[in-house]
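Peer 1: Take a look at this one; I'll ask things after.
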Amino acid sequence: MLMADPMLAEAWTLSDSVALRPEPFGALAYHFGNRKLTFLKKQQLVDVVNALGESETVADALTRAGIPAAQWPAYVKALRGLAASDMILERNPS
Amino acid sequence: MTLLDVRTPVARPTTGPLVNQFEFGLDAPICLTWELTYACNLACAHCLSSSGKRDPRELTTEQCEAVIDELQRMQVFYVNIGGGEPTIRPDFWHLLQYAVDHNVGVKFSTNGVRLNPERAAFLASTDYVDVQISLDGATAEVNDYVRGPGSYDTAITALQNLQAAGFKDAKISVVVTRQNVTQLDEFKALADQYGATLRLTRLRPSGRGADVWDELHPLPEQQRVLYDWLMANGDNVLTGDSFFHLAAFGESLPGLNLCGAGRVVCLIDPIGDVYACPFAIHDNFLAGNLLADGGFKQVWQTSELFQELRSPQTSGACTSCQFFDSCRGGCMAAKFFTGLPLDGPDPECVQGYGESALAGDRTIPAASQDHSRTTPGRNQPVMLSLTRRPEFDAGAIEAPPVSACAENPLAGFRL
Ligand code: SF4
Ligand code: SF4
């Protein structure tokens with residue numbers, strides 16, 4: 001197995017400026033600051049994003065949302081995508 | 001039939017590209033246009049909503065506020081406001097502020113008539129407001145031909161006022177026509193000059209556009225020029241994803257390649273009628289009325305018409321086309337208002353099937369409504385006297401700017 005992604009050990013949260021609109025496939029995320037629209041194509045990803053704020057680490061959030069470890073790399077990649085458009089933010093980045 | 005329908009799945013898929021989800025519709029639109037009034041100071045020849053006179057049944061300020069409240073509850077994060085000329089509604093600026101205060105961002109389309117230095121300064125001080133100035137020629141000559149005398153100067157003055165006030169990134173919205181398709185570089189230069197972004201959209205035969213479409217729509221060889229220009233310059237230009245029929249030239253343009261009507265796109269008209277698309281103001285595409293039918297959400301989620309548009313469609317004569325996946329038969333409104341079957345090729349099909357379809361038997365549908373003025377006005381474009389259909393000779397036609405279509409928020413989004 002490859003080295004675990006450092007993001008798994010970090011604390012993240014959904015940005016205060018973002019609203020999630022439930023949709024049949026997952027959710028639509030809208031950022032009121034940069035006005036970007038992003039689609040969360042799976043309900044499980046919505047669950048992970050919602051769990052971020054109340055979880056110690058990204059790994060905790062993935063566990064809470066019931067994501068099998070084998071799928072974590074795909075979810076971390078999706079989270080990095082959301083981070084790139086400021087949809088989610090790192091808490092207390094050092 | 002069923003064997004041919006393999007291209008559209010019958011039930012909402014749980015995996016695969018997002019565009020397949022959009023075919024089945026969303027809980028709320030992502031590209032909502034709201035025309036606040038049919039009144040307009042101009043009389044553009046190709047006005048998609050046949051605007052001119054105010055409709056006496058126009059929603060009141062309170063009713064408009066209630067619509068905004070509902071959009072907020074539905075989490076419609078922004079709305080494209082148009083008309084008519086929306087800024088001539090006396091409560092326009094109030095409604096703009098009301099929307100922004102309720103988390104509904106606004107982009108409005110205007111011909112610029114009310115964008116004086118004070119308004120420009122107000123706009124520069126707000127967040128969540130985008131301004132789109134309609135301009136259909138890079139020179140007064142070309143613009144005023146369809147939009148009427150003086151309209152070029154009005155638009156340019158508005159752009160100057162916005163720039164002087166420090167408003168960032170206004171949009172210059174151009175409907176591409178046979179007359180202005182040679183000016184694409186000039187449009188881009190104008191946008192750069194005013195710190196604006198250029199937005200190009202497709203001319204559809206909607207509203208009064210039906211009367212002038214034959215004369216204004218780009219010729220087949222011009223479509224190629226447009227496609228090449230968009231491929232070369234597309235990154236810095238908005239298109240509202242309106243040119244996806246050009247994808248059949250080869251490589252797809254970025255954005256949503258799908259007719260979003262009733263699925264992700266929708267129009268609320270000045271009296272609260274809800275249509276599948278701003279370019280489809282016709283009884284056939286009327287889903288309901290938000291005053292009479294229990295509110296916008298009710299209409300959006302339950303109207304029979306929208307259910308139908310979100311169910312599997314047949315692709316008719318396009319079925320065997322190798323470009324179907326990117327073109328999907330083009331624009332429903334363009335087909336309807338040129339009298340072509342909705343499940344066949346677009347009238348501007350770049351594979352040439354549109355021309356043969358246009359040459360065949362067809363009946364152009366009669367307009368369901370018309371708010372054009374019946375007395376000539378000084379802003380009337382000159383071309384109307386040359387090309388007016390005989391049945392309209394009884395009176396001159398007056399009308400407004402082509403407003404925002406489906407400016408698709410997904411433009412540039414990788415699906
Ligand atoms: S009818 Fe035409 S303009 Fe309207 S959403 Fe469909 S493709 Fe776009
Ligand atoms: S035949 Fe239909 S799908 Fe093919 S390019 Fe023409 S309009 Fe598009």
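The values are calculated or read from the model by the stated rules, or taken from the named source; none is laboratory data. Computed from a predicted model, the values in this text were never measured in an experiment. Don't worry about glycine lacking a Cβ; one is built from the backbone with ideal geometry, like all the others, and counts go over all protein chains shown. Only protein heavy atoms, including side chains, enter the accessible area calculation; ligands, DNA and RNA are left aside. Shrake-Rupley method; radii C 1.70, N 1.55, O 1.52, S 1.80 Å.
Peer 1: Quick one: what pairs do we get from region B:341-358, first residue under 11 Å from B:Gly329 (Cβ atoms), second aromatic (Phe, Trp, Tyr) and more than 6 Å from ligand 2 (Cβ to nearest atom), C-beta under 7 Å, 6+ apart or different chains?
Peer 2: As it stands, the answer is B:Leu342/B:Phe336, since those pairs meet every condition given.
Peer 1: Oh, and also: Of all residues being open to solvent by 20 Å² or more (accessible area, probe 1.4 Å), more than 14 Å from every other protein chain (Cβ to nearest Cβ) and outside any helix (DSSP H, G or I) in region B:205-247, which is farthest from ligand 1 (Cβ to nearest atom)? Just the residue, please.
Peer 2: The qualifying residue farthest from ligand 1 (Cβ to nearest atom) is B:Leu219.
Peer 1: On the basis of being away from ligand 2 (no atom under 11 Å from the Cβ), more than 15 Å from B:Ala247 (Cβ to Cβ) and among the charged types (D, E, K, R), does B:Glu355 make the cut?
Peer 2: no
Peer 1: Also: Any idea which residue in region B:97-109 is surrounded by the fewest Cβ atoms within 10 Å (Cβ to Cβ), counting only those that are within 14 Å of chain A (Cβ to nearest Cβ) and touching a residue at least 12 places away in the same chain (Cβ under 8 Å)? First the steps, then the outcome.
Peer 2: Of all residues in region B:97-109, those within 14 Å of chain A (Cβ to nearest Cβ) come to B:99-107.
Subsequent filtering for residues that are touching a residue at least 12 places away in the same chain (Cβ under 8 Å) retains B:99-100, B:102-107.
Values: B:Ala99: 25, B:Val100: 17, B:His102: 14, B:Asn103: 17, B:Val104: 23, B:Gly105: 17, B:Val106: 22, B:Lys107: 20.
Filtering region B:97-109 for residues that are within 14 Å of chain A (Cβ to nearest Cβ) and touching a residue at least 12 places away in the same chain (Cβ under 8 Å), the one surrounded by the fewest Cβ atoms within 10 Å (Cβ to Cβ) comes out as B:His102.
Peer 1: In region B:76-96, is there at least one residue being of a type in the set (Ser, Thr, Tyr), buried (at least 18 other Cβ atoms within 10 Å of the Cβ) and either within 14 Å of chain A (Cβ to nearest Cβ) or on the phi < 0 side of the Ramachandran plot (or both)? Step through it out loud before you land on a result.
Peer 2: Of the residues in region B:76-96, the ones of a type in the set (Ser, Thr, Tyr) are B:78, B:87.
Filter again for buried (at least 18 other Cβ atoms within 10 Å of the Cβ), leaving B:78, B:87.
Next cut, either within 14 Å of chain A (Cβ to nearest Cβ) or on the phi < 0 side of the Ramachandran plot (or both) only: B:78, B:87.
Taking every residue of region B:76-96 in turn, at least one turns out to be of a type in the set (Ser, Thr, Tyr), buried (at least 18 other Cβ atoms within 10 Å of the Cβ) and either within 14 Å of chain A (Cβ to nearest Cβ) or on the phi < 0 side of the Ramachandran plot (or both).
Peer 1: Please enumerate the residues belonging to region B:260-281 that are in contact (Cβ under 8 Å) with a residue 40 or more places away in the chain, within 11 Å of ligand 1 (Cβ to nearest atom) and not in a loop (DSSP other than H, G, I, E, B).
Peer 2: If the condition is that a residue be in contact (Cβ under 8 Å) with a residue 40 or more places away in the chain, within 11 Å of ligand 1 (Cβ to nearest atom) and not in a loop (DSSP other than H, G, I, E, B), then B:Ala261, B:Val265, B:Cys266, B:Leu267 are the ones that fit.
Peer 1: Sticking with this structure for a sec: Collect the residues in region B:110-130 that are within 24 Å of B:Cys266 (Cβ to Cβ) and either in contact with a helix residue (DSSP H, G or I) (Cβ under 9 Å, 6 or more places away or on another chain) or surrounded by 24 or more Cβ atoms within 10 Å (Cβ to Cβ) (or both), keeping them in residue-number order. Full working, then the answer.
Peer 2: So in region B:110-130, the residues within 24 Å of B:Cys266 (Cβ to Cβ) come out as B:110-111, B:128-130.
Result: B:Thr110, B:Asn111, B:Tyr128, B:Val129.
Peer 1: Being farther than 22 Å from B:Ile30 by Cα, away from ligand 2 (no atom under 16 Å from the Cβ), out of contact with any helix residue (DSSP H, G or I) (no Cβ under 6 Å at 6 or more places or on another chain) and hydrophobic (A, V, I, L, M, F, W, C) is true for just one of B:Ala317, B:Ala292. Which residue is that?
Peer 2: On the way: B:Ala317 fails: away from ligand 2 (no atom under 16 Å from the Cβ).
None of the other options fit; the residue is B:Ala292.
Peer 1: Tell me which residues, restricted to region B:325-344, are part of a loop (DSSP other than H, G, I, E, B) and away from ligand 1 (no atom under 13 Å from the Cβ).
Peer 2: B:Gly339, B:Pro341, B:Asp343, B:Gly344
Peer 1: For region B:24-48, name all the residues that are in contact with a Pro (Cβ under 8 Å, 6 or more places away or on another chain), of a type outside the set (A, V, I, L, M, F, W, C) and within 13 Å of chain A (Cβ to nearest Cβ).
Peer 2: Passing the criteria: only B:Asp27.
Peer 1: Residue check: is B:Ser252 within 16 Å of ligand 1 (Cβ to nearest atom), farther than 19 Å from B:Pro29 by Cα, touching a residue at least 24 places away in the same chain (Cβ under 8 Å) and not in a helix (DSSP H, G or I)?
Peer 2: Against the criterion (within 16 Å of ligand 1 (Cβ to nearest atom), farther than 19 Å from B:Pro29 by Cα, touching a residue at least 24 places away in the same chain (Cβ under 8 Å) and not in a helix (DSSP H, G or I)), B:Ser252 qualifies.
Peer 1: Which ones in region A:20-38 are more than 24 Å from B:Thr14 (Cβ to Cβ) and within 10 Å of chain B (Cβ to nearest Cβ)?
Peer 2: First, pick out the residues of region A:20-38 that are more than 24 Å from B:Thr14 (Cβ to Cβ): A:31-36.
Hits for region A:20-38 are A:His31, A:Phe32, A:Gly33, A:Arg35, A:Lys36.
Peer 1: Can you confirm whether A:Ala9 is open to solvent by 50 Å² or more (accessible area, probe 1.4 Å), in contact with a Ser or Thr (Cβ under 9 Å, 6 or more places away or on another chain) and away from chain B (no Cβ under 14 Å)? Working first, answer last.
Peer 2: Numbers: open to solvent by 50 Å² or more (accessible area, probe 1.4 Å): yes; in contact with a Ser or Thr (Cβ under 9 Å, 6 or more places away or on another chain): yes; away from chain B (no Cβ under 14 Å): yes.
In short, yes.
Peer 1: For region B:346-360, give me the residue count where each residue is open to solvent by 20 Å² or more (accessible area, probe 1.4 Å) and within 16 Å of ligand 1 (Cβ to nearest atom).
Peer 2: 2
Peer 1: Another question about this same structure. Could you please find all residues in region A:39-94 being touching a residue at least 24 places away in the same chain (Cβ under 8 Å), open to solvent by less than 80 Å² (accessible area, probe 1.4 Å) and over 12 Å from the mean Cα position of the chain (by Cα)?
Peer 2: A:Arg91
Peer 1: Okay, next question. Let me spell it out: the conditions are (1) in contact with a helix residue (DSSP H, G or I) (Cβ under 8 Å, 6 or more places away or on another chain); (2) more than 11 Å from ligand 1 (Cβ to nearest atom); (3) open to solvent by less than 20 Å² (accessible area, probe 1.4 Å), and B:Asn284 meets all of them except one. Which number is the exception?
Peer 2: With (1) in contact with a helix residue (DSSP H, G or I) (Cβ under 8 Å, 6 or more places away or on another chain); (2) more than 11 Å from ligand 1 (Cβ to nearest atom); (3) open to solvent by less than 20 Å² (accessible area, probe 1.4 Å) applied to B:Asn284, the lone miss is (3).
Peer 1: Here is a further query. Looking only at region B:56-73, how many residues end up being in contact (Cβ under 8 Å) with a residue 24 or more places away in the chain and either open to solvent by 20 Å² or more (accessible area, probe 1.4 Å) or among the basic types (Lys, Arg) (or both)? Spell out the reasoning first.
Peer 2: Filtering region B:56-73 down to residues in contact (Cβ under 8 Å) with a residue 24 or more places away in the chain leaves B:57-59, B:61, B:63-65, B:67-73.
Those left that are additionally either open to solvent by 20 Å² or more (accessible area, probe 1.4 Å) or among the basic types (Lys, Arg) (or both): B:57, B:61, B:63, B:65, B:69-70, B:72-73.
Number satisfying all stated conditions: 8.
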